[in-house]
Ligand SMILES: Cc1cc2nc3c(=O)[nH]c(=O)nc-3n(C[C@H](O)[C@H](O)[C@H](O)COP(=O)(O)O)c2cc1C
């Protein structure tokens, strides 16, 4: 990390580009980064990473935060800026975390280990997907002391579900993220058209294939009969019959704080808290589940009004730049989860690419916050925004 990063003045890429006439190794603009990554990926990986559900209306709209405008204040004495936040009782250096994003081997051979190494360099928290290409124990080792949360997909097999929760706690994860918007994957036309589902090829199933309980249910280990293991994974992944009352199972099987990710209705946020959740993740899953749904930035204010004083609120779906982070935090989110930008960094440059994306996003946010006249994240609140209807 550059010595001039974060709470200091400017980051390395900014300094080199603006003061030293050097251009960076990877694109800085999100659109150029995405286009370069799309060129670097094969057709099926691009379809999996890029694709939203249905006509991709939610995916397109989720990236538009323009209904909210930042109203900057001047001469506020913002030379020293504090970017720290607190989420689920943990102090974090920056209001950015890496979102759970499955099957990272599709874009880079080093997969989650490269992402984890970049997070470790920057001390940016990493949320590991249940559907990772690398086991939760290996990723935890790579992360060392860097904050780490485990995203839990609720297997329909209780023993496997329990085993995942126990393993995450044993491996040193700090929190459990229960994703509730994807008991099964949405109508992803790009995948259906290509007849492509990465899990059929045994991608993204490392936590299952390494799980003692999963393995004990197979006649032969996955190394000997991968097809039977994939078939068993398809049988036990996800459970559409779950209800809020079933959350009790998670609390019975972990002592870690729990955040419910994928909430878009304030009543669901209330139910999550009433059932014992410590946090709520406002998200459309990157527009990949219910096409035509409300976007996460549209859903955020009502959810903050409902439970913002009682629970940690994470926000994702559409964060591309520092100003997007600023708006989500100003509307009451406690932290922003970064998705597609970091995976495009991974596709282009492995660990270095993820580092580049995260460092620049945080630096962009830091500058935006300072130029808006706020010297700490706690000062970033709704007073610094106006809605376009009120202009
Ligand atoms: C390729 C891809 C895979 C994802 N895998 C998971 C996953 O395994 N678990 C999960 O909770 N969310 C998953 N998500 C959703 C992300 O955590 C996050 O909600 C989404 O990426 C935010 O949208 P954005 O990337 O457009 O900002 C995935 C998203 C993408 C794009």
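The values are calculated or read from the model by the stated rules, or taken from the named source; none is laboratory data. Just so it is clear, the model here is predicted, and its values are computed rather than measured. Every residue, glycine as well, gets a Cβ built from its backbone with ideal geometry; the counts of neighbours run over all protein chains shown.
Within the stretch 264-278, does at least one residue satisfy the condition of being buried (at least 23 other Cβ atoms within 10 Å of the Cβ), outside any helix (DSSP H, G or I) and either within 16 Å of the ligand (Cβ to nearest atom) or in contact (Cβ under 8 Å) with a residue 24 or more places away in the chain (or both)? Within the stretch 264-278, one or more residues are buried (at least 23 other Cβ atoms within 10 Å of the Cβ), outside any helix (DSSP H, G or I) and either within 16 Å of the ligand (Cβ to nearest atom) or in contact (Cβ under 8 Å) with a residue 24 or more places away in the chain (or both). Could you list, in sequence order, the residues of the stretch 330-351 that are away from the ligand (no atom under 13 Å from the Cβ) and in contact with a helix residue (DSSP H, G or I) (Cβ under 6 Å, 6 or more places away or on another chain)? Hits for the stretch 330-351 are 330, 331, 332, 348, 350, 351.
Could you tell me whether the stretch 54-63 includes any residue that is assigned to a loop (DSSP other than H, G, I, E, B), within 25 Å of residue 187 (Cα to Cα), within 13 Å of the ligand (Cβ to nearest atom) and in contact (Cβ under 8 Å) with a residue 40 or more places away in the chain? Yes, the conditions are met somewhere in the stretch 54-63. Looking at the stretch 310-369 only, could you name the residues that are within 13 Å of the chain's Cα centre (by Cα) and part of a loop (DSSP other than H, G, I, E, B)? Those that are within 13 Å of the chain's Cα centre (by Cα) and part of a loop (DSSP other than H, G, I, E, B): 316, 317, 318, 319, 320, 339. When you check residue 125 against the structure, is it more than 20 Å from residue 374 (Cβ to Cβ) and modelled with pLDDT of 95 or more, yes or no? Criteria met by residue 125.
Within the stretch 87-129, the residues that satisfy the criterion of being in a helix (DSSP H, G or I) and away from the ligand (no atom under 13 Å from the Cβ) are 113, 114, 116, 117, 118, 119, 120, 121, 122.
Could you identify the single residue in 354, 307 that is under 22 Å from residue 106 (Cα atoms) and more than 13 Å from the ligand (Cβ to nearest atom)? Just a single option satisfies the conditions, and that option is 354.
Among what's in the stretch 130-168 and is in a loop (DSSP other than H, G, I, E, B) and without any contact (Cβ under 8 Å) to a residue 40 or more places away in the chain, pick the residue that is surrounded by the fewest Cβ atoms within 10 Å (Cβ to Cβ). That would be 145.
Here residue 241 meets the list (1) more than 16 Å from the ligand (Cβ to nearest atom); (2) touching a helix residue (DSSP H, G or I) at 6+ places or on another chain (Cβ under 8 Å) almost entirely, failing just condition (2).
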